[in-house]
Structure formats: C-alpha cells, structure tokens
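The values are calculated or read from the model by the stated rules, or taken from the named source; none is laboratory data. Treat the numbers as computed from the prediction; the structure is a model and nothing was measured. Glycine also receives a Cβ, built like all others from the backbone with ideal geometry; neighbour counts cover every protein chain displayed. What goes into the accessible areas is simple: the full protein's heavy atoms, side chains included, and nothing from ligands, DNA or RNA. Shrake-Rupley method; radii C 1.70, N 1.55, O 1.52, S 1.80 Å.
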Amino acid sequence: MAPAALPLAKIGSLLIKTLSKPVAKRIKTDFTRYGLTRRFLVGMGQSTHQLTTRMTIWSEGFKVRSIPPLEENEAITKGADLLGEAIVFGVSVGVVVWEYNRSNEKAKAKEEKRLLEIEAENDEMDEMLHALDVRIEALEKAVKAQNHSLLYSGQRYVEPPKEALKSIPVPRKLKQKQNGNG
C-alpha cells in the first residue's frame, strides 16, 4: 500500500494563516508610529467603542443617551486591535477562497476525465455495433445467395420490411479515418 501524499497546499495555507498573525502585529505597531495612521486608528477605535457600547446598552434594554469618547491611547489600542483582527480575518478568507477554487478546479478536472472515459467507451460501443451491423449484412447476403434460411432449412429467406429496419450510423472515429484516408 502506497503512503498517502502530504497535503502540501493545506500545510502551506496553514502556514500563511499562522504567519499572518505576527505580520498583523507588526502592521499594528507600525500604524501607531505615524500621525496619519494614528488618526486613522483613533477614528477606528472610537467607532468600535461607540458601536460596542451602544450594542451592550441596547442588549440590556436601556436607551443610549451619550457615550463618552475614549482617551487617545485607548482608542489607538482598540483601533490597532481591530486592524490586526481584520488583517488576520482577511488572510483567512483569502486562503479559504483559494482552497475552494482549487477544490473546484480538481472537481472539474475529475469530471472532464470521467466524461472523456465515457466518450471513449461510447465510441468503442459504436464501433462494435457497426461491426455487428456489417456482419449481419454479410450474413443476409449469404443467405439470400443460397436462397434458404440458416435456422429453418427448406424455407426461403424473407427480408424484413424497410420500415422495421433502423440503420446503425458509422461511428465518428471510423468516419474520421475514412475522411482522412480518402
């Protein structure tokens, strides 16, 4: 029994997901260093604080009157945490979408292979039917020439009505061979 192949794609995607966490942490740290990105993080942190506080108050059944803003450092921390989680989430979604597409491609390839096998089997059956038709026609000619039946000696061969006969078409492969040679 052959050993199972390592799922390298799965291992690679797991590695990417794992590496996204330290990368997100590094981006969070870099974002806190510069003025423009700090303002972005403060805005994101304040928005997150407003949203989560409103949801908490509403879930407890109270009306929201006013929510005091966070201090700048707390807002930066909340915004940076949200940014880091968003990066990890985005990478995870990307990996899942990639795995899904890869799986679909494998399924399509498998289906195409199956269809080719069916087509080859169908062509083989067509060739066999055509060969049988040719043999039957040869037997009919021989019986007509001898003027008696193979099954019942002494009786004459009676040809079936033309309406009852259905001709078997020449298989595609045989037509292609004939067209190529002729």
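Condition (residue is among the charged types (D, E, K, R) and touching an Asp or Glu at 6+ places or on another chain (Cβ under 9 Å)) applied to the stretch 54-72: is it met by at least one residue? No, there is no match, as no residue in the stretch 54-72 is among the charged types (D, E, K, R) and touching an Asp or Glu at 6+ places or on another chain (Cβ under 9 Å).
Yes or no: GLU140 part of a helix (DSSP H, G or I) and under 48 Å from the mean Cα position of the chain (by Cα)? No, not satisfied.
Within the stretch 87-104, which residues are without any contact (Cβ under 8 Å) to a residue 24 or more places away in the chain and of a type in the set (A, V, I, L, M)? Those that are without any contact (Cβ under 8 Å) to a residue 24 or more places away in the chain and of a type in the set (A, V, I, L, M): VAL93, VAL96, VAL97.
When the stretch 17-60 is filtered for residues that are within 22 Å of GLU99 (Cα to Cα) and open to solvent by 90 Å² or more (accessible area, probe 1.4 Å), the ones remaining, listed by number, are LEU19, LYS21.
Restricting to the stretch 63-122, name every residue that is in a loop (DSSP other than H, G, I, E, B) and more than 16 Å from VAL42 (Cβ to Cβ).
To start, the set of residues in the stretch 63-122 that are in a loop (DSSP other than H, G, I, E, B) comprises 63-71.
Listed by number, the residues that qualify are LYS63, VAL64, ARG65, SER66.
Taking every residue in the stretch 65-86 that is open to solvent by less than 80 Å² (accessible area, probe 1.4 Å) and pairing it with any residue that is outside any helix (DSSP H, G or I) and not hydrophobic (A, V, I, L, M, F, W, C), at least 6 positions away or on another chain, the pairs with Cβ-Cβ distances below 8 Å are ALA75/PRO69; ILE76/THR32; ALA80/THR32.
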